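**Q** Below you will find the structure I want to go over with you.
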Amino acid sequence: MVGRSSNKRMKIEIKNIIDRHKETPCVITAHGPSLNASKQKIIDLQQAKDILRFSVNNWWDYFTIAPDYWILSSSEHAFPMRILFDIIRKADCPIFYSDDGDFTSKSEIEKNILGEWLVYDQRHWEGKHCIEILKTFKEHYERNKNFHFTRFGNNEAMWHPPRCYTNSGHALDGKCCEQNNPPRMTLQEHLRDLTGTHQHYSTGDTVSMHAIAFAIIMGCNPIYVSGFDLDYNKGYANSDKDDWKHKAQGPNAWTPVRENLQNDILVLSESAKNRGIDIINLNQDPWYEGFKIGQL
């Protein structure tokens, strides 16, 4: 039988959750249509307290019961924390969110969230501002005329075209950089240092990468991954959600960044193996490699 930690009103940090659920099975629920193949079993196991459920972003469009952990990476234009307070209170579960694009004041969060919350950074490598990071990449390209840039995290895949043409997950307006004050280590750097991998994963083309990273940090084992299709053309597990038609044609479509997604998966797989953790993909026919295919 498993269970989350006691839910007290408090802000916590990544150091507070290391090995919190060591050797406890968990499942990451993404929103791809392959989620439906295992969804009911996930619900049954969670209600029996035999597994922890980590869900992402707008999980309520896919489940009627709250997850054990809610991993959020959103923006001012989608669902920032301040418009979710009612849902957060009803869910009554720890919420981990990135403030890179969500500028809800921390004092407002303190007043409105009754349980645990953790704020993480996902893009300011070595605590640097985005412009400084991008300038360093530009200098490398102008000097070497190639994309073999490993200055941050020993990860050149995140700088390969076409991803670099949209700033590789970094912003030009500096607003996100103001949030990183005082400078913090990114989630990716925390994971790399904890697991001893030779590189860290990118800024992340999906919040599900961050959910897997948190599960590894918490020592969950095994980690099941469901709904991890990484292909908007397949739609969502909830057929009523149809914005995938627009996303599949836009700059955030999966296909142009497949190289980066594949590399992030391999980094997460190596991170888990270094901790003796198995990651099992419940999607029986993924286009990517790195996680073993299995059943819940």
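**Q** Please pull out the direction-averaged projected area of segment 121-276, using the convex hull of its alpha-carbon atoms, in nm² to one decimal place.
**A** Average of the hull's projected areas for segment 121-276 equals 10.0 nm².
**Q** OK, next. Mind listing the phi-derived Karplus ³J(HN,Hα) values for segment 196-209, rounded to whole Hz, using 6.51, -1.76 and 1.60 with θ = phi - 60°, and x for any glycine or proline?
**A** Values per residue, Gly and Pro as x: x, 6, 7, 8, 10, 6, 6, 4, x, 8, 7, 4, 4, 4 Hz.
**Q** Sequence gap at least 6, Cα distance under 8 Å: using those rules, report the relative contact order of the chain to the nearest whole percent. Can you show the working numbers first?
**A** Details: 538 pairs, mean separation 71.8, N = 296.
So the answer I get is 24 percent.
**Q** Let me ask something else about it. To make sure I understand the rule: partners must be lysines, Cα under 29 Å from the Cα of K128, and not fewer than 8 residues away in the same chain. Which ones qualify?
**A** Within reach: K11, K15, K106, K138, K145, K175.
**Q** Using the 4.7 Å Cβ rule, please list in number order the cysteines from the chain without any candidate partner.
**A** Taking the Cβ cut-off of 4.7 Å, the unpaired cysteines of the chain are C93, C130, C164, C176, C177.
**Q** When a footprinting reagent is the concern and you count Cβ atoms within 10 Å, what order do F85, F96, F137 take, fewest first?
**A** Details: F85 16, F96 23, F137 19.
The order, fewest Cβ neighbours first, is F85, F137, F96.
**Q** Also, quick follow-up: What list do you get for S168, S107 if you sort them by fewest beta carbons within 10 Å?
**A** Ordered by Cβ neighbours within 10 Å, fewest first: S107, S168.
**Q** Express in nm, to one decimal, how much length is gained between I12 and D86 on full extension, taking 0.36 nm for each residue of separation and deducting their alpha carbon distance. Mind dumping the intermediate values first?
**A** On the way: separation 74, 0.36 × 74 = 26.64 nm, distance 2.06 nm.
Gain on extension, I12 to D86, equals 24.6 nm.
**Q** Taking the Cα atoms of segment 16-77, report the difference between the largest and smallest coordinate on each principal axis, in whole Å and largest first.
**A** Over segment 16-77, Cα extents along the principal axes are 37, 32, 18 Å.
**Q** Residues of segment 199-241 with the amide nitrogen closer than 14 Å to a label point 7 Å from the Cα of D285, along Cα-to-Cβ, please.
**A** Answer for segment 199-241: 229, 234-235.
**Q** Want the number for N144 to I131: 0.36 nm per residue separation, take away the alpha-carbon distance, what's left?
**A** 2.7 nm
**Q** Sticking with this structure for a sec: Just tell me which lysines come within less than 18 Å, Cα to Cα, of K39; anything on the same chain fewer than 8 places away is out.
**A** K49, K234, K241
**Q** May I pose another question? Can you pull the one-decimal nm distance between simple spin-label points at N181 and L114, each 7 Å off the Cα toward Cβ?
**A** Spacing of the two 7 Å Cα→Cβ label points: 3.4 nm.
**Q** To continue, here is another question. Enumerate the calculated ³J(HN,Hα) couplings along segment 274-283 in order (Karplus 6.51 cos²θ - 1.76 cosθ + 1.60, θ = phi - 60°), each rounded to whole Hz, writing x wherever the residue is Gly or Pro.
**A** 5, 9, x, 10, 9, 10, 10, 8, 7, 6
**Q** Next question, about the same structure. Under the rule of at least 5 residues apart or a separate chain, name every residue whose amide H is placed under 5 Å from the amide H of I280.
**A** Those qualifying (amide H under 5 Å, at least 5 residues apart or on another chain) are I223, Y224, V225.
**Q** Calculate the spin-label point distance for L296 paired with D240, positioning each point 7 Å from the Cα along the beta-carbon direction, and give it in nanometres.
**A** A separation of 2.1 nm, rounded to one decimal place.
**Q** Is it possible to state the helix-based mean residue ellipticity at 222 nm for the chain, with each DSSP H run of 4+ residues giving -39500 (n - 2.57), the sum divided by total residues, to the nearest 500 deg cm²/dmol? What is it?
**A** -8000 deg cm²/dmol
**Q** Next question, about the same structure. Per residue of segment 60-74, what does 6.51 cos²θ - 1.76 cosθ + 1.60 with θ = phi - 60° give for ³J(HN,Hα)? Whole Hz please, x for Gly and Pro, Karplus curve as stated.
**A** Running phi through 6.51 cos²θ - 1.76 cosθ + 1.60 with θ = phi - 60° gives 5, 7, 10, 9, 9, 10, 6, x, 7, 9, 10, 9, 10, 9, 10 Hz.
**Q** Determine, at each q value in 0.08 (inverse angstroms), the log₁₀ of I(q)/I(0) that the Debye formula gives when each Cα of the chain is one equal point scatterer.
**A** For the chain, the Cα-only Debye profile gives -0.32.
**Q** Same structure again: Along Cα→Cβ, 7 Å out, is where each label goes; now give me the distance between the ones at Q262 and D173 in nm to one decimal.
**A** Placing both labels 7 Å along Cα→Cβ, they lie 3.5 nm apart.
**Q** How much length, in nm to one decimal, is gained on full extension between N154 and K49, taken as 0.36 nm per residue of separation minus their Cα-Cα distance?
**A** Full extension of this stretch gives 33.9 nm more.
**Q** Taking the number of other C-beta atoms within 10 Å as the exposure measure, put H129, H210, H148 in order starting with the fewest.
**A** H148, H129, H210
Throughout, read-outs are computed from the coordinates displayed, never taken from laboratory work. Note that the structure is a prediction, hence the values are computed from the model and not measured. As a convention, Cβ positions derive from the backbone with ideal geometry for all residues, glycine included, and neighbour counts pool all protein chains shown.
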